[in-house]
Amino acid sequence: MSGVRIAVVGAGIAGLSTAVNIQRNIPSARVTVMADRFLTDTTSDGAAGIFRPSFEKIKADETLVRQWVSDSWKHFDCLWRSEEASEAGIGSVTMYQLFDKELLYPLFKEFVYDFREMTDRDMKRFHGNFKMGLACTTLTTESRKYLPWLTDRFKENGGVVKIQRVNDFSELIGDYDIVVNCTSLSSKTLAGDNLVYSVRGHLLRVKAPWVKHAVYDHVTGAYIIPCFDTVVLGGTRQKDNYSLEIDPEDTKRIWEKCCRLQPNIKKAEIAWEWVGLRPHRSPPRVEKEMMKFGDKELKVVHNYGQGANGITLSWGCAKHAAKLVQELIPYIHSKL
C-alpha cells in the first residue's frame, strides 16, 4: 500500500533500527519516529555494546533467538568490514571470558571469529581462580556513534523525527495506520505489560588506551571492554532497581573488582559514568497485537524487552518487527 503511515514510538536502538528496517521493506511508507528522549538521553547511549549473546539471558524460543542473533551479527559484521565502520562506531576486539566451572560452549560460538578454549597459561594472565576460559574475536558497537549514524540513515530515507511524549497509544489513532512500540520500560503502562522490568546497570568509562582486549570475569561479574575512545568497566545487574542516580558504593565496587582482575587499569582516569535501566522481559516481546480502545482499534507491533542484549539483538529483532509490520498492511482497512 502506498503511503501507509507508521509511527515508531521510542528512539533508542530498538526504535531506530526498526524504523530503518521498515523503510527498507516498505519504501513507500511514511515513517515517523517519536519520543521524548533521543540519543544520549536513551538507555542505549552508555552501553558497552559487545556482541556476546547467550541463551542464559535470552529466555525465548531457541530457533527464534538464533535467527535474531544471526541477523544482527551479519549486519554488524558487514558494517565493520565497510567504510562506514568508524562513523557507525563498530569495532573489533579480542574477548576473554573466565569461569570457575566447566560450561557448554555459548551461543555466540557460531558467529564470532577465532573462537577457542583458553589454555592455563592464558588464564594466568588474569587474577582469579578460574577453571575454564573462552577466547574469541568479536564486535563492539559504540552507541554514541551508532545512534546518530542510524538517525542519519533514517532521515536520508525520508523519515521524520518528532519530539513527542506518548501517554497512551489511543492518541495515535487516526493519525497512523500502524504503531510500533519500542518504548522499553514504558510498555508497563502503554501496553499493560507487567512482565517487563528494570535491570539497573552502572558502568564506568575510563581513559586507558593501553587496554586492547575485553575481559569478563563470570565469578565476580567484573568486565573490561575497550571501545573507541574509552574503556568500559562494569558492572551491575540490579533487578527492579529504578534509580538513575550514580551510587558511590557501586562505583567503588566496580573499580575494585576490575582492578583486581586486571591491575594495569589502576591508574586509568575516569572519564564519565553511566547508569541505565535495561528493559528485561522473558521472552523479549516481538509480536503483533490489535489493541482496543473502546470501539476503536489500533494495529501495533511490539519490539522491546531485550535487556542487556539490547544492542546485540537490535538488528535481528528490528528485522523481525519490520516483517510483522509488513504483514499488517493488508489489514489496514479491515479487522485483524
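Structure notes:
- Whole-percent carbon and sulfur share, accessible surface of the chain, 1.4 Å: 48 percent
- With a 1.4 Å probe rolled over the protein heavy atoms of all chains, the accessible area of Ser184, Ser314 falls in the order Ser184, Ser314, largest first.
- Checking the Cα-Cα distances for Lys74/Lys124; Lys59/Lys109; Lys145/Lys188 against a 24 Å cut-off, the pairs over it are Lys74/Lys124; Lys145/Lys188.
- Placing unit charges on the Cβ atoms of the charged side chains and taking the dipole of the chain about its Cα centre, the candidate lying farthest along the positive direction among Ala318, Phe293, Gly201 is Gly201.
- Placing +1 on the Cβ of every Lys and Arg and -1 on the Cβ of every Asp and Glu, with no other charges, gives the chain a dipole of roughly 380 debye about its Cα centre.
- With a Förster radius of 56 Å applied to the beta-carbon distance between Lys162 and Thr220, the computed FRET efficiency rounds to 0.80.
- Cα-based shape type of segment 149-221, given that a ≥ b ≥ c are square roots of the gyration tensor eigenvalues and the cut on a/c is 1.5: oblate
- Candidates Gly276, Gly91, Gly128: whichever shows maximal mean-square fluctuation once the chain is modelled as a Gaussian network with Cα springs under 10 Å: Gly128
- Cα-based helix-to-principal-axis angle, 13-25 vs the chain, degrees rounded to 10: 50 degrees
- Here the peptides 146-155, 277-286, 257-266 are ranked by packing, the mean other Cβ count within 10 Å, and the order with the highest first is 277-286, 146-155, 257-266.
- Checking the cross-link pairs Lys57/Lys319; Lys57/Lys267; Lys131/Lys252; Lys162/Lys239 against a 23 Å limit on the alpha carbon distance flags Lys57/Lys267; Lys131/Lys252; Lys162/Lys239 as lying beyond it.
- Net charge dipole, segment 2-65: roughly 220 debye, given to the nearest 20, about the Cα centre with Cβ charges of +1 for Lys and Arg and -1 for Asp and Glu.
- Counting Lys and Arg as +1 and Asp and Glu as -1 over every other residue whose Cβ lies under 15 Å from the Cβ of Glu110, the net charge comes to +1.
- Beta bridges by DSSP in the chain, antiparallel share as percent, to the nearest 5: 65 percent
- The long axis of helix 143-156 is offset from the longest Cα principal axis of the chain by roughly 30 degrees.
- In this structure, the amide hydrogen of Glu287, modeled 1.01 Å from its nitrogen in the peptide plane, lies closer than 5 angstrom to those of His302, counting only residues at least 5 positions away or on a different chain.
- Using alpha-carbon coordinates, inclination of helix 310-328 to the longest axis of the chain, degrees: 20 degrees
- Cα gyration tensor shape for the chain, rounded if a/c is under 1.5, else prolate or oblate: prolate
- Each stretch of four or more DSSP H residues adds -39500 (n - 2.57); spread over every residue of the chain, this sum gives -8500 deg cm²/dmol at 222 nm.
The values are calculated or read from the model by the stated rules, or taken from the named source; none is laboratory data. It should be emphasised that the depicted structure is a prediction, and the values quoted were computed from it without experimental measurement. No Cβ is skipped: glycine too gets one built from the backbone with ideal geometry, and neighbour counts run over all protein chains shown. Accessible surface areas use protein heavy atoms only, side chains included; no ligands, DNA or RNA. Shrake-Rupley method; radii C 1.70, N 1.55, O 1.52, S 1.80 Å.
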